[in-house]
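Student: There's a structure below that I have some questions on.
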Amino acid sequence: MKSQIIVLGGGISGLSLAWKLSSNGFQVTVLEKAKIVGGLARTERENGYCMDVGPHSFFSEDAEIRDTVINLFNNSLHPEPRRVKFYYQGKYLDYPLTAFSVLFQMGIISGMRAGFSFLNSKLFFRNNYKSNNHEQSVEDWAIGSFGKHLYQTFFKPYTEQFWKISCKELSARSIPAHTRTSFLNTLRLLVQKRLAKRGSSLVEREMLPTYYPDTGYGEIPERVADAAVKAGTKILKECNVIEVEELPDSTVVVRYEKNGEVKEMTGTHIVSTIPLNNFVKMLKPPPPYDVLVSAEKLDYRSFIALGMVTEKQNILNCSYMYVLNRPYNRISEMNRFSPKTSPKGENIILLEIPCLMNSAAWNATKEELFEMCIGSLSKDGVLLPGDVKRLLIIKEPYAYPVYRIDYAAHLKKLSNYINERKMLSTLGRLGEFMYMDIDKCMKRAFTLADKLSSTL
């Protein structure tokens with residue numbers, strides 16, 4: 001009989017891993033803290049309303065992953081173009097930022113300032129930066145890539161609004177790699193014509209056809225869970241893991257709370273997709289002091305999704321848009337993803353509010369958050385107070401790994417410690433402290449499943 005593998009966390013990473021391992025003949029049990037599976041990709045449903053943890057849509061350049069997801073829906077998913085905007089001073093700019101939006105949508109004066117600032121950064125800032133041997137910050141990257149004008153106009157205010165940290169203290173790795181590349185090369189089109197073809201292809205990647213299930217993005221992890229169960233996986237919900245103990249007989253005991261009782265389960269290998277810092281601190285015997293110190297240095301940004309139910313339709317001219325200098329950083333119109341996300345004749349405007357755990361925003365009620373946001377929504381012509389008939393809310397304490405300027409050394413220390421334990425692995429956005437979209441999560445899960453299948 002093959003090894004008993006216990007997966008901590010029933011998000012897309014843990015479920016994808018369990019599916020593949022069970023299909024390979026392993027005994028797999030998933031312990032999920034919540035009442036429903038999906039993690040950050042889940043959909044919470046109530047009285048016909050479907051709320052995602054922020055606006056998600058599925059797309060991937062990886063044919064294997066794309067076909068895997070489409071096949072889960074028996075080819076009933078249909079591609080739709082993604083329409084995303086950046087709302088800036090009453091104007092809808094293209095997102096990702098393009099040469100056209102810089103030159104024309106922002107206005108010719110601002111576009112010219114951006115162009116000159118960009119040239120200046122190529123001549124001076126980059127050389128100054130390269131002479132300094134230090135981790136590149138968001139400020140370093142943005143000024144070196146775009147110049148001070150666009151940095152001060154877009155990147156500094158948006159980044160600090162979202163992360164609640166100075167751009168000087170935030171690693172450039174906070175910006176997803178494909179976003180860094182596409183923004184940079186499309187802006188270079190302003191002055192380097194030879195990059196036109198390359199830059200365009202990167203923007204086209206951002207505009208790949210996307211897929212969205214009828215009743216919420218959470219249908220994807222739900223179908224992965226169904227496939228995993230059919231392959232033999234056991235999924236236990238409402239299980240709060242409190243301790244993971246490695247025993248001398250090459251087994252691992254997981255202790256967890258369920259229905260007010262402490263229970264335990266024994267396996268031969270543990271794969272954790274829960275927050276990395278929390279996982280390290282629940283290990284027994286405890287890790288060395290320096291490892292625990294590094295665990296304290298890693299943190300995650302929290303997130304609130306506030307849904308405003310309205311009868312208004314076709315409110316935005318896009319699926320979702322980014323905004324500056326508002327209590328929220330992104331607005332979505334859920335009926336543009338699927339009309340089945342709310343009862344007939346209704347719609348949901350979804351606001352994303354990044355925050356610190358236990359901050360005033362985090363501790364606020366949905367009514368208090370409504371009062372905090374409705375003034376800006378009214379000013380921007382999105383919703384008036386009387387347009388809103390119901391409020392929905394999701395609070396996610398661990399949403400985004402925070403890449404502080406010194407995070408890499410602490411992450412390496414934790415990763416090295418985990419890699420030395422033959423019975424432990426980590427996986428996923430939270431488990432690996434790595435920003436990833438769902439397709440990358442699935443790919444890494446399948447890769448780890450193949451590795452474990454060949455070594456256990």
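Computed from the coordinates by the stated procedures, all read-outs in this text should not be read as laboratory data. This is a predicted model, so every value here is computed, not measured. All Cβ positions, glycine included, derive from the backbone under ideal geometry; neighbour counts span all protein chains shown.
Student: Test of the criteria: in segment 347-405, which chymotrypsin sites (Phe, Trp or Tyr not before Pro) are in a DSSP loop and have at most 12 other Cβ atoms within 10 angstrom of their Cβ? Kindly include the intermediate steps, with their values, before the conclusion.
Tutor: Values: sites: TRP362, PHE370, TYR398, TYR403; in loops: TYR403.
Nothing satisfies the criteria.
Student: When Kirkwood radius over Cα pairs in Å is calculated directly from the model, which label among [x] 23.5; [y] 22.5; [z] 24.4 fits?
Tutor: For Kirkwood radius over Cα pairs in Å, the calculated option is [x].
Student: Near GLU219, within a Cβ-to-Cβ distance under 12 Å, what is the net charge of the other residues, with Lys and Arg +1 and Asp and Glu -1? Please list the in-between numbers first.
Tutor: Numbers: positive: ARG42, ARG45, ARG223, LYS340; negative: ASP52, ASP214, GLU222, ASP226.
After counting each charged neighbour, the total is 0.
Student: By a straight-distance test (C-alpha under 16 Å), which aspartates and glutamates pair with LYS413 as possible cross-link partners, with residues fewer than eight away in the same chain excluded?
Tutor: Cross-link targets: ASP290, GLU296, ASP299, GLU432.
Student: Return one number: the angle in degrees, 0 to 90 and rounded to the nearest 10, between the long axis of the Cα atoms of helix 196-206 and the longest principal axis of the Cα atoms of the chain.
Tutor: Result, in degrees: 50.
Student: Sorted by packing (mean other beta-carbon atoms within 10 Å per residue), highest first, where do 423-433, 47-57, 162-172 land?
Tutor: Going by the mean number of other Cβ atoms within 10 Å, highest first, we get 423-433, 47-57, 162-172.
Student: Reachable lysines from LYS91, Cα under 24 Å, same-chain residues fewer than 8 places away excluded?
Tutor: Qualifying lysines at Cα under 24 Å: LYS148, LYS156, LYS312, LYS379.
Student: Then there is this: I'd like the orientation of helix 438-455 relative to the chain: the angle between its Cα long axis and the longest Cα principal axis, in ° from 0 to 90, rounded to 10.
Tutor: Here the helix axis deviates by roughly 30 degrees.
Student: Take the Cβ-Cβ distance between HIS78 and LYS263 as r, set R0 to 45 Å, and report the resulting FRET efficiency rounded to the nearest 0.05.
Tutor: Details: r = 44 Å, r/R0 = 0.97.
Taking R0 as 45 Å, the efficiency between HIS78 and LYS263 is 0.55.
Student: Sticking with this structure for a sec: Separation between the LYS284 and TRP362 pseudo-spin-labels, each 7 Å from Cα along Cα→Cβ, expressed in nm?
Tutor: Going from the LYS284 label point to the TRP362 one covers 2.7 nm.
Student: Tilt of helix 219-231 relative to the longest C-alpha principal axis of the chain, in degrees (0 to 90, nearest 10)?
Tutor: Approximately 20 degrees, to the nearest 10.
Student: Distance cut-off 31 Å, Cα to Cα: go down the list LYS164/LYS366; LYS85/LYS230; LYS389/LYS440; LYS366/LYS443; LYS20/LYS344 and report the pairs above it. Mind dumping the intermediate values first?
Tutor: Numbers: LYS164/LYS366 21 Å; LYS85/LYS230 41 Å; LYS389/LYS440 38 Å; LYS366/LYS443 36 Å; LYS20/LYS344 38 Å.
LYS85/LYS230; LYS389/LYS440; LYS366/LYS443; LYS20/LYS344, as the Cα separations exceed 31 Å there.
Student: Per residue of the chain, what 222 nm ellipticity follows from adding -39500 (n - 2.57) for every DSSP H run with n ≥ 4, rounded to the nearest 500? All intermediate terms of the calculation are to be shown ahead of the outcome.
Tutor: Working: 16 runs with 162 residues, N = 456.
Mean residue ellipticity at 222 nm (helix-derived): -10500 deg cm²/dmol.
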